[in-house]
Amino acid sequence: MKNTTYHAALLLAGTLILGMAACKKNNGYNTEPVSTDKTKPGVVTNIKVDNYNGGADITYDLPNSSNILYVLAKYKIRDNVSRETKSSYYTDTIKVEGFAQAKEYEVTLYTVTRANVMSDPVTVKVNPQTPVYQLVRPSISISPDFGGVNVKSLNPLKKEIGVILIAYDDVTQEMEIQDQFFTKTDTIDYSVRGYKTDARNFGVYITDKWGNISDTLSVRLNPLYEEQLDKTKFSQYTLASDAELYDGNWIVSKLWDDNKGEPGWHTNSGGKTPFICTFSVGATYKLSRFILWARPDTYAYGHGNPRDFSLWGSNADSPKDAQLPLSAPEGTIIGDWVNMGNYNYPPPPSGMAPPGNSADNEFVKAGVNFNVPFNAPSVKFLRVSVARTWSGGSFAHILELSFFGKPE
């Protein structure tokens, strides 16, 4: 089963035509001559190079001429792949980046006038340090996970990279791209699911926005068995420290009625954090993940929707009440309860401020997946503890929860 997900937004560009006139793309440098002075400009001088990972900043002195429009750099980042970058007359630095290796490269610099006349070339040598995609590659690992595989790596410079997962496809009988994960975070830890437990070849490589690609880490492994917990076996297990409910319609059992609409679980206003509910899942499970549906539309990224929350579990036959803290490290044990994980509901994928746009609302409607740490213990009772909502108010609400894992 091919499971392709996209964790980065794709930018689409179009051409806007108004009447008979078309607006040309403006990249900040007019390609049409704006001067009649055809004099060849002088070259840049006093050149200095500051190398960094995958690129370099080149500083220089411009010739004394008000007719110069920009400085142009031409260079190759790898075999048969050339780039050009430009720097305005109003700055003394040009950036060259995207180099595939840590080695010496030649960059050719030109000054260009307002009449599109280029100077004689000036060649400078740069020695970029190890590019980021190569720095990330040695730390990457793939391990079996519930219904798929888990990918881990480190990105210490927090630069944008892509983690590309490939796997053997039963239909094409080829290694095909299954997932593309783009991030700037320093720690990469995510799972790709949708596979049976039979052995399969997987691979992962790192890329960057210039199309550089690392070598592939290849493994053969068996995804772990996973099933959705049977909600018909769930039941409310009220404890004294659970939050008071809003009314008789917004009750705890609405969290597993398979209705992604209203009503759900809703605590009464005027409560104090954390807002907690407790329930039994009817059997002992080693959990792998869960999906949370928050209230969408006018409530998306607002009102009582969870922003920061924790999942606590117990495998006791009749776990006793415990006052849960607002926050605690994963693995913390309080009485019969253990912290199974701490979670932050992701901000609007568009990057806009809450409540975001219509696409962000669709993201909320679809439900959000959260992984349960692999080393979390098996449990048969759960407590959801909301530490902060998107409004920061005195109540919380969730429409639906679905849990996945392996029965014990």
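Remark: spin-label model distance THR36-ARG220 equals 7.6 nm, labels positioned 7 Å along the Cα→Cβ axis. For LYS260, a cut-off of 17 angstrom between C-alpha atoms picks up these lysines, skipping any fewer than 8 places away in its own chain: LYS231, LYS365.
Within segment 241-274, which residues have the backbone N less than 15 Å from the label spot 7 Å out from THR298 along Cα→beta-carbon, could you tell me? Counting backbone N atoms under 15 Å from the label point, the list is 262. Calculated FRET efficiency, ASP258 to GLU362, Cβ-Cβ distance, R0 = 25 Å: about 0.80 to the nearest 0.05. Under conditions of 10 °C and 1.306 mPa s, segment 32-126 yields 116 µm² s⁻¹ as its translational diffusion coefficient, taking Rh as the Kirkwood radius over Cα pairs in the Stokes-Einstein equation. Within segment 282-311, whose backbone N sits under 14 Å from a point 7 Å along Cα→Cβ of GLN228? Only 289-293 pass the distance filter. Counting every other Cβ atom within 10 Å of each residue's Cβ, PHE403, PHE374, PHE146 order from fewest to most as PHE374, PHE403, PHE146.
Placing a label point 7 Å from the Cα of LYS152 along the Cα-to-Cβ direction, the residues of segment 326-360 whose backbone N falls under 16 Å of that point are 330-331. Here the label points at VAL81 and LEU245, each 7 Å from Cα along the C-beta direction, are separated by 5.8 nm in the simple model. Within the straight-line cut-off of under 22 Å between alpha carbons, the lysines reachable from LYS76 are LYS48, LYS86, LYS95, LYS103, LYS125, LYS159, LYS209, sequence neighbours fewer than 8 places apart in one chain being disregarded. Helical content alone sets the calculated 222 nm signal of the chain at -1000 deg cm²/dmol, taking -39,500 (n - 2.57) per DSSP H segment of four or more residues and averaging over every residue. Each residue, GLU330 and LYS125, gets one label point 7 Å from its Cα in the Cβ direction; the gap between the two is 4.8 nm.
Coordinate-derived values only; no laboratory data. Since this is a predicted model, take the numbers as computed values, not measurements. A quick note on method: Cβ atoms are made from the backbone with ideal geometry, for glycine too, and the neighbour counts reach across all protein chains shown.
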